[in-house]
Amino acid sequence: MLQPIITQFLSGISIVAILVIVAVGLAIIFGVAGVINMAHGEFIMVGAYTAAIVGQLGGNTFIAIPAAFAVVGLLGLAVERGIIRWIYDRPLETLLATWGVGISLQVIVKLIFGSELYYVGAPKMMDGGLRLIGLLPFPYYRIFLIVVAIVMMFLTFYVIFKTKFGLKVRAVRRNRSMTGCLGIDTAKVDMMIFTFGSGLAGVAGAVLAPIKSVSPPMGFPYAVDAFMVLVLGGVGNLWGVVTGGAIIGEAETILAFVTNNVIGKLLVFIFIVLAIRVFPRGIFGYYERSR
Amino acid sequence: MQAVLEIDKLTTRVSGYTILDEVDLRIHANELRVLLGPNGAGKTTLIDMITGRYKPTSGKIRFRGHDITGLPPDRIFRQGISRKFQVPNLYETLSVFDNVMVSLKGERRVFSNLLRRTSPEDSDRIWQVLEWIHLVDKANEAADTLSHGERQWLEMGMLLASGPQLLLFDEPTTGMTEEGKFQTAEMIEKMAQDHAVLLVEHDMHVVRQIARTVTVMHQGQILAEGPLSEIVANETVQQVYLGKGGNGAS
Amino acid sequence: MARVHRHTVYRQPLLPLWAVVLGVGIVIGIATYPFYGQEYVTSLLGKFLCYAIFALSIDLIWGFTGILSLGQAVYFGIGAYFVALSLKINYATLHPTRYGGTIPDFMEWNGLTELPGFMEPLLSVPFAVVCALLIPTLMAFIFGVITFKRHIYGVYCAVITLAEALILQDFIIEYQAYTGGFNGITDYSNYANVYFLWVILAVTVFFYIAGRMLTHSRVGTVLRSVRDNDVRAEFMGYNVANYRIFVFCLSAFMAAAGGALYAAWVGLVSFLDTGPVFSIEGVIWTAVGGRGTIIGPFVGTFLVKGAEFFLSGVLADFWQLIMGGLFIFVVLVMRDGIIGSIGKWIRRHRAGSIEQIIADSDAIAADRQRDFRPAGASRQSEEV
């Protein structure tokens, strides 16, 4: 009786990890610059394809991760300089423009790679699973994902709170105009944070490639999940990503077990909509003073 | 005389900070009250509380006998309180005329407005207001084409058109030229003949031009209250706000 | 800027003559086309008209009220599915399958042997139409009350509506026994004839005129003021949430009507008509045509969909790339859309040349200079 619940709970933790991985890049961009990148899913997808190429060239996931960070980071930089930079003051239209970027990326990738599914393998050392007493083996790769999620959170935390760049980022977030008056190039901060966030999306893609088959439209569901994590958890604070991810991940897993995937998602969605009535800017956005 | 606005022991605490501390205030009909105080004294917060933007932690606000503490902003407006923001808040793509038109005193509900026509009386009133704020020439221009001073005046015109009993002005002369400040102060004084007015101001020239009773706030509390001459002579006020020279911030 | 003498307010007439003439011309053109034109174009015309209704519904909430909903297809789709299901169920009872079953084929494929109880009322097409219109409106009302009453709008609303559309899409695919799933609902007797085209045309004209009347009314001005500065509107006494809910429900009703007509005309309804992709496409048609204008959505829909029809065969995947570029283009460059840009050009023209504008401004400034009184001058302080 207890066993399926524990299995679901553990499985849920890996879903939480996935949600954190895909959401953290989006969170810092939205938290600082106030824009949502609708091409986030496609950025993840490009990261996954980078991992596929690395795989073809003989590398493994550990090489794919920095490669994807670089590739998608540069992609993000290009998008920011070419498009986003002109429309920071119009967040709704950024949604539309980045959606256009997303569509374009899907087409370009499809034209280059075709639309059949790619299979990217996990590193050999991670085959198999952790055998816990009386439970099904918990795949090592899933544990790896949890580790990656934790590392990404730590990395982001470090960058935001322990570096000079991060100090500028926090200053811009608190009071953009004042920070500008103090001589800090806020446009440059936006650009760098967008690049960094995009790089994280690339890492997400590289790390998730072995789990789900790689194809041009693979990224969109992840993007929507990331959005929901941000809406629920809030962007005031990095804890928002973890909290939002934890609640959504566990709830979806357990509800999907009890009913089915789609009803699970529906119930979680309803929960989120009701929750933001209490926390209009997300759970951790609550303490933010409106700008 | 019965006070139009009665504030009793209004207190607001946010995240451990006390922004308003047991504020008591009485404003009477057709009174022009000036609210002074250094930055951070709580003046704008007080206006936010009166107009319903935020709920106070404790205390009561009564307007013409009704308890309006914590009501939403649109309901407080309909009770008869209009507020001008420090930064002019206008309907940017609407014309000057339409900005005033949509602010006219009258029906606010959706279904009542479906078949509403602007009557000749309404139209006259709008033109009257536009003349008053010197924007007749720009009646058909979109609000975002106006200069800063004109924007301030447009918002004042919108307030006037809305026919309230109490007008709250939050530093309405911010960013204006001397000439503009003078004219604005005149306008406010004229408005005070028919409305109760609470004016938050920093510019001592303007204050000297029109102030009668002045309330000074400091760190969320009422520091002093009385005619301008008394306030200026008050030592505590001088220390806290007016500065050593006594000419104050501008 | 021409000098305005005292009592002149520039007002667009409710139905300018040129619009009436042009409109009548277009209506007659579309209404008579089936008699001499090609069949596939006729079927496109009907389809595009339904899409134009959908785009108008988006313009009302986005162009005029500033709510970007990325899930309007939910209402279109539910409207479409109700009608399609009803028509399909009726068709199935009259055309038994080879196994003798009188229920829709997709139900049979999924193991159902008889019509589910809760679907029996759909045997009545009028009932299905009522459901098609009312249920989306009710859903919109509930959604509006939940979100707008808490002042949740902007990016948050956009993202939530996006998720909503995706979930509905997933639902439809999952419960294929009841919805036809991936394949959708097809092979039923659809009304692909001239008279129904006239019905669609009439409904389209009705909605467009109603939309024009709404946006021309005081409510329209209030909606635009809510769009421009909802804080100011609220502090000026308007219950902003109520206005948003009102226009959101109206928009859902319109989208649902478009969907219902679509299902009846086209004869094929699938999850693609309900999801985020279709929702955002509708936004783009509106943006291309010109948001915040009433004819913009119509123009944008016909242009983009028309171009898609003629070009996508040739260009295949490149068309999607063009669409992606179009999104970016419409946001960065042509913000007012086609109609909006034309309108702007006309207004500029009316304002006169640059020299005229400068001369007028100088004249006004001179008038004001005449009345100048510096601060403090000729005004003695009284008691101070």
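Structure values in brief
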quantity	calculated
Total residues in the stretch C:321-349, condition away from chain A (no Cβ under 14 Å), surrounded by 15 or more Cβ atoms within 10 Å (Cβ to Cβ) and among the aliphatic types (A, V, I, L, M)	3
B:T18, sole failed condition from (1) among the hydroxyl-bearing types (S, T, Y); (2) within 14 Å of another protein chain (Cβ to nearest Cβ); (3) assigned to a strand (DSSP E or B); (4) surrounded by fewer than 23 Cβ atoms within 10 Å (Cβ to Cβ)	(2)
Helices (runs of 4 or more DSSP H) completely within the stretch A:168-245 that count 1 or more residues being within 14 Å of chain C (Cβ to nearest Cβ) and at pLDDT 90 or above	A:219-233
Residues that are in a helix (DSSP H, G or I), without any contact (Cβ under 8 Å) to a residue 24 or more places away in the chain and surrounded by fewer than 17 Cβ atoms within 10 Å (Cβ to Cβ), drawn from the stretch A:75-122	A:A78, A:G82, A:W86, A:L111, A:I112
From the options B:L71, B:L32, residue that is under 14 Å from the mean Cα position of the chain (by Cα) and of a type in the set (A, V, I, L, M)	B:L32
Residues of the stretch A:151-172 that turn out to be free of Cβ contacts under 8 Å to residues at least 40 places away in the same chain and among the aliphatic types (A, V, I, L, M), as a count	5
Hey, C:M107 assigned to a helix (DSSP H, G or I), among the hydrophobic types (A, V, I, L, M, F, W, C), modelled with pLDDT under 90 and at negative phi or not	yes
Within the stretch B:113-134, tally of residues that are more than 10 Å from chain C (Cβ to nearest Cβ), in a loop (DSSP other than H, G, I, E, B) and without any contact (Cβ under 8 Å) to a residue 40 or more places away in the chain	1
Single residue of the stretch B:113-150 satisfying the filter (more than 20 Å from C:T215 (Cβ to Cβ) and basic (K, R)) that is nearest to the chain's Cα centre (by Cα)	B:R125
Where C:L115 falls short, out of the listed (1) at pLDDT 85 or above; (2) surrounded by 15 or more Cβ atoms within 10 Å (Cβ to Cβ); (3) among the hydrophobic types (A, V, I, L, M, F, W, C)	(1)
Total residues in the stretch C:101-141, condition more than 21 Å from C:S189 (Cβ to Cβ) and among the small types (G, A, S)	3
Top-ranked residue in the stretch B:68-100 [being at the interface with another protein chain (Cβ under 7 Å from one of its Cβ atoms) and assigned to a helix (DSSP H, G or I); ranked as farthest from C:Y243 (Cα to Cα)]	B:F97
Test result for C:L315, surrounded by fewer than 15 Cβ atoms within 10 Å (Cβ to Cβ), within 11 Å of another protein chain (Cβ to nearest Cβ) and more than 17 Å from the chain's Cα centre (by Cα)	yes
Residue in the stretch B:121-176 that is surrounded by the most Cβ atoms within 10 Å (Cβ to Cβ), counting only those that are charged (D, E, K, R) and under 30 Å from B:G65 (Cβ atoms)	B:E155
Residues satisfying the stated conditions in the stretch C:217-255, i.e. more than 7 Å from every other protein chain (Cβ to nearest Cβ), in contact with a Ser or Thr (Cβ under 7 Å, 6 or more places away or on another chain) and either without any contact (Cβ under 8 Å) to a residue 12 or more places away in the chain or not hydroxyl-bearing (S, T, Y) (or both)	C:L223, C:V226, C:R227, C:A233, C:R244, C:V247, C:C249, C:A252, C:F253, C:M254, C:A255
Boolean, B:Y54 is more than 28 Å from B:I27 (Cα to Cα) and under 20 Å from the mean Cα position of the chain (by Cα)	no
Test set (1) over 21 Å from C:L44 (Cβ atoms); (2) modelled with pLDDT under 90; (3) within 14 Å of chain A (Cβ to nearest Cβ) - C:P276 fails condition number	(2)
Subset of the stretch C:33-54 [free of Cβ contacts under 8 Å to residues at least 12 places away in the same chain and either aliphatic (A, V, I, L, M) or not in a helix (DSSP H, G or I) (or both)]	C:G37, C:Q38, C:V41
Listing of helices (runs of 4 or more DSSP H) fully contained in the stretch C:261-374 that carry 3 or more residues being of a type in the set (D, E, K, R) and without any contact (Cβ under 8 Å) to a residue 40 or more places away in the chain	C:337-351, C:354-370
Extreme residue, modelled with the lowest pLDDT, among residues of the stretch A:248-288 that are of a type in the set (K, R) and assigned to a helix (DSSP H, G or I)	A:R277
Selected residue (only one of A:V262, A:V268, A:V231, A:V235 is more than 24 Å from A:Y140 (Cα to Cα), in contact with an Asp or Glu (Cβ under 7 Å, 6 or more places away or on another chain) and buried (at least 19 other Cβ atoms within 10 Å of the Cβ))	A:V268
Residue satisfying condition, being crowded, with 24+ Cβ neighbours inside 10 Å, in a helix (DSSP H, G or I) and touching a Ser or Thr at 6+ places or on another chain (Cβ under 8 Å), within set A:V72, A:V46	A:V72
Whichever residue in the stretch B:101-112 is among the hydrophobic types (A, V, I, L, M, F, W, C) and at the interface with chain C (Cβ under 9 Å from one of its Cβ atoms) and, among such residues, is farthest from B:R53 (Cα to Cα)	B:F111
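Yes/no per residue for (1) within 14 Å of chain B (Cβ to nearest Cβ); (2) loosely packed, with under 12 Cβ neighbours inside 10 Å; (3) at pLDDT 85 or above; (4) in contact with a His (Cβ under 8 Å, 6 or more places away or on another chain):
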site: C:V4; (1), (2), (3), (4): yes, no, no, no
site: C:G25; (1), (2), (3), (4): no, yes, yes, no
site: C:Y36; (1), (2), (3), (4): no, yes, yes, no
site: C:G46; (1), (2), (3), (4): no, no, yes, no
site: C:Y51; (1), (2), (3), (4): no, no, yes, no
site: C:V74; (1), (2), (3), (4): no, no, yes, no
site: C:L94; (1), (2), (3), (4): no, yes, no, no
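Listed here are the residues, each with its yes/no results for (1) touching a residue at least 40 places away in the same chain (Cβ under 8 Å); (2) buried (at least 16 other Cβ atoms within 10 Å of the Cβ); (3) assigned to a loop (DSSP other than H, G, I, E, B).
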position	(1), (2), (3)
C:L138	no, no, no
C:G144	yes, yes, no
C:Y156	no, yes, no
C:T161	yes, yes, no
C:Q169	yes, yes, no
C:Y191	yes, yes, yes
C:T215	yes, yes, no
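The values are calculated or read from the model by the stated rules, or taken from the named source; none is laboratory data. Computed from a predicted structure; not experimentally measured. Quick reminder, even Gly has a Cβ in these numbers, built from the backbone with ideal geometry, and neighbours come from all protein chains shown.
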